[in-house]
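The values are calculated or read from the model by the stated rules, or taken from the named source; none is laboratory data. Predicted model only: the values in this text are computed from it and were never measured. A quick note on method: Cβ atoms are made from the backbone with ideal geometry, for glycine too, and the neighbour counts reach across all protein chains shown. Heads up: the accessible areas ignore ligands, DNA and RNA and are worked out on the full protein's heavy atoms, side chains in. Shrake-Rupley method; radii C 1.70, N 1.55, O 1.52, S 1.80 Å.
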Amino acid sequence: QVQLVESGGGLVQAGGSLRLSCTASGRTFSDDTVAWFRQAPGKEREFVAAIRWSVGNTYYSDSMKGRFTISRAQNTVYLQMNSLKPEDTAVYYCAVKNYYDVNYSSWGQGTQVTVSS
C-alpha cells in the first residue's frame, strides 16, 4: 500500500503562488494516475488536476486550467498554483489509483491552502 504525504500549503495573498508536493512511500509510482483534489469548508471535494505517471499525460478541471500545473519528478507529484484567488482556499489532497481503476485507492492527509484578499 502506498502512503502519500502532501506538503507546501500555507497562507498566501491573492495573486500569489504556491507549489504543493505529494510524495509517495511504500512503493514507486508506475502506471498510476495521481490526482489533486480540494475541499473548501462546507463544500464537496472537487477534482483539481491529475497526471498519468507512466506517460505524463495531464488533466485539469476547466476552472483551474491555465493557473495550475501538475508535474512529476522522481516519486513526487507537484501542483504549481499561480494567480491564486481567495476562492482557492481549501484543503488540498493528493490521491493515487491504478490508471485502469475507477476509484482512488490511497489518499494523503491533506495540506491547507489559504488565500487572503
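In the full protein context, the stretch 25-71 carries 52 Å² of accessible surface per residue, based on a 1.4 Å probe and ignoring ligands, DNA and RNA. Across the options Ser25, Gly9, Ala73, the greatest Cα extent toward the positive end of the charge dipole of the stretch 9-79 (unit charges at beta carbon of Lys, Arg, Asp, Glu) belongs to Gly9. Taking a Cβ cut-off of under 9 Å around Asn98, the surrounding Lys, Arg, Asp and Glu residues balance to a net charge of -2, with basic ones at +1 and acidic ones at -1. Once you sort the root eigenvalues of the Cα gyration tensor of the stretch 50-117 as a ≥ b ≥ c, which label holds: rounded (a/c under 1.5), prolate (a/b larger than b/c) or oblate (the other case)? Prolate is the answer for the stretch 50-117, as a/c is 1.5 or above and a/b outweighs b/c.
Taking amide hydrogens as placed 1.01 Å from N in the peptide plane, the amide H of Gly16 sits under 5 Å from those of Leu84, each at least 5 positions away in sequence or on another chain. Here the mean projected area of the convex hull built on the C-alpha positions of the stretch 16-88 is 5.3 nm². With all protein chains in place and a 1.4 Å probe, the accessible surface of the chain carries 46 percent carbon and sulfur. Between Arg72 and Tyr78, the built amide H atoms are under 5 Å apart, and every one of these is 5 or more places off in sequence or on another chain. Whole-Hz Karplus values for the stretch 86-93 come out as x, 6, 7, 4, 4, 8, 9, 10 Hz, taken residue by residue from phi with 6.51 cos²θ - 1.76 cosθ + 1.60 and θ = phi - 60°; glycine and proline positions read x.
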